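The values are calculated or read from the model by the stated rules, or taken from the named source; none is laboratory data. Since this is a predicted model, take the numbers as computed values, not measurements. Virtual Cβ from ideal backbone geometry, glycine too; neighbours counted across all protein chains shown. Surface areas here come from the heavy atoms of the whole protein model, side chains and all, with no ligands, DNA or RNA. Shrake-Rupley method; radii C 1.70, N 1.55, O 1.52, S 1.80 Å.
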Amino acid sequence: MSPRHQLYIGGHWVDPTTSATIEVISPHTEQVIARVADPSTADVDRAVAAARSAFDTGPWPRTDPQARVAIIRELARCYRAREDELAHLITTEMGAPITFSRSAHAKLPGIMMSAFADIGAGYRWQDTRAGFLGRDVLVGHEPVGVVAAIIPWNMPMFLMVGKLIPALLAGCAVVLKPSPETALDAQHMAELLDQVGVPAGVVSILPGGREVGRYLVSHPGVDKVSFTGSTAAGRQVAEVCGAALRRVSLELGGKSAAVVLDDADPGAVATGMLVAGLMNGGQACVAQTRVLVPRRREHEFVDALAGAIETLSVGDPFDPATRIGPMVSRRQQQRVRHYIELGQREGARLLIGGTDLPPGIERGWYVRPTLFTGVDNSLRIAREEIFGPVLSVLTYTDDDHAIQLANDSEYGLSGSVWSPDIERATAIARRVRAGTLGINEPYSMDPVAPFGGVKSSGIGREFGTEGLEGYLDTVSLSIHSPANSGVPQADTASAAAPTSAIHSS
């Protein structure tokens, strides 16, 4: 598809209120590849008004949940037909290696849609409970309202689907704000929503920068904000939502630890860390960039890690052999380079990588995959989220020390434990304060598993049944019929429910 110069507001492609545009730039060539409309606050007002009308008076919140499930299943089918096109587009706009775009960026959203459809199909939208006060209580789940969903650039389609699909299944109306760096794949989603017949007004998509996001988060017509981004920005979102008593879920930063036990195999750990720490060029909130190894076996694990990292091909993201593509922007490249310089100044040992461009590369926002050893957990490279291909090796003396190091962080998003002794590894994992962990693998982003963090890594959960429930309110109805002093039957209570949002199970 060719980039559109209109905005998708309330289910229609409309002209923006200003002539401002967003330049989408290839991080590989540093050239402008497209220009799309840059929404104004007036465009946000239009989108929220459309969502408000669709939710307050439109059919979508009052549609039977199974009918909404059917539309999401059709959306998944139509999406899969465009996976290859989307993989190519995401590599173009944000620089992910084409192999990763195909296996993760483009494939996972279709899997996620189908999984959420199954969750919605089996969900108990209504339940009757025997009350203690002489009559049954009808407990139903209804949509929370108008949702503002703000999505970063690092996993654009996957994160969009993780918010949009459960919100739609719940019966909400949604205003999506994708990142300006990845404005093009969002237009594909708009076309797919049109194709499957989501009612007008239910979804708007406004790619834009921070000002658009701030205005949307504070808009009085919004009932819930779902935000994925940095912890610093998340605190600002939480402050706005707290003042308005507005529902909010936050999926924020991480500085996750891979705890390598003393009986682990160095080769298996090294192979696993290429994914756990360096997937998507390290541009992942779940990246496990602190590698905790036993001091007495440090050299074995460091040698294995160094050997694995040195095999990584860095360069043209469309080359199937490439494993590390460019950073998404010049700003991100400069940020990562700053941390590499900082690590050296603070006394860590730079074993592999550095701030120079990789050999043979003369342009593009590239950073060489970098490995630090001799890292103390007090160093900034061990405490702050870098969001690039930089790993730090820390050593510990015993299991308790390893757990103490893993937990000595303001973050608590992801992590892993590596050992052939599953019982021991699981016991240690349960002592690590993180929301999502793996044993002998990076955390697996299974769509049935709730995902989210603790501490400064966020509030709430996405994916799984918990992800659907994040877009639902619970309503209790206690019904007394004057004509019948006994306890009402379940079908009587259902028929008498005063809100159409109480559905049959």
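Some points to look at:
- DSSP bridge analysis restricted to the chain gives an antiparallel fraction near 45%, rounded to the nearest 5.
- Net charge over other residues, Cβ less than 11 angstrom from the Cβ of G171 (K, R count +1; D, E count -1): -1
- For the stretch 419-460 versus the stretch 320-377, the spacing of their alpha-carbon centroids is 27 Å.
- Listed candidates (i) 81, 57, 41; (ii) 66, 49, 47; (iii) 71, 58, 39 - label of the one calculated as Cα extents along the principal axes in Å: (i)
- MRE, 222 nm, helices only [DSSP H, n ≥ 4, -39500 (n - 2.57), over the chain, to nearest 500]: -11500 deg cm²/dmol
- Largest first, the residues I361, I98 sort by 1.4 Å accessible area into I361, I98.
- When you filter the GluC sites (Glu not before Pro) in the stretch 419-488 for DSSP loop state and at most 12 other Cβ atoms inside 10 Å of their Cβ, nothing is left.
- Based on C-alpha pairs under 8 angstrom that are at least 6 apart in sequence, the chain has a relative contact order of 19 percent.
- Cα-based helix-to-principal-axis angle, 156-170 vs the chain, degrees rounded to 10: 20 degrees
- Net charge of Cβ neighbours under 15 Å - reference H28; Lys, Arg +1; Asp, Glu -1: -3
- Given charges at Cβ of Lys, Arg, Asp, Glu: the stretch 183-248 dipole, positive-most of S230, L206, L193: S230
- Using a simple spin-label model with pseudo-atoms 7 Å out from Cα toward Cβ, A121 and T29 lie 4.3 nm apart.
- Under the shape rule built on the C-alpha gyration tensor, where the axes satisfy a ≥ b ≥ c, the stretch 83-206 is prolate, since a/c reaches at least 1.5 and a/b is greater than b/c.
- Percent accessible area from carbon and sulfur atoms, the stretch 227-370, protein chains only, probe 1.4 Å: 49 percent
- Accessible surface, the chain, averaged per residue in Å² (probe 1.4 Å): 39 Å²
- Multiplying the residue separation of Q236 and W13 by 0.36 nm and subtracting their alpha-carbon distance yields 77.2 nm.
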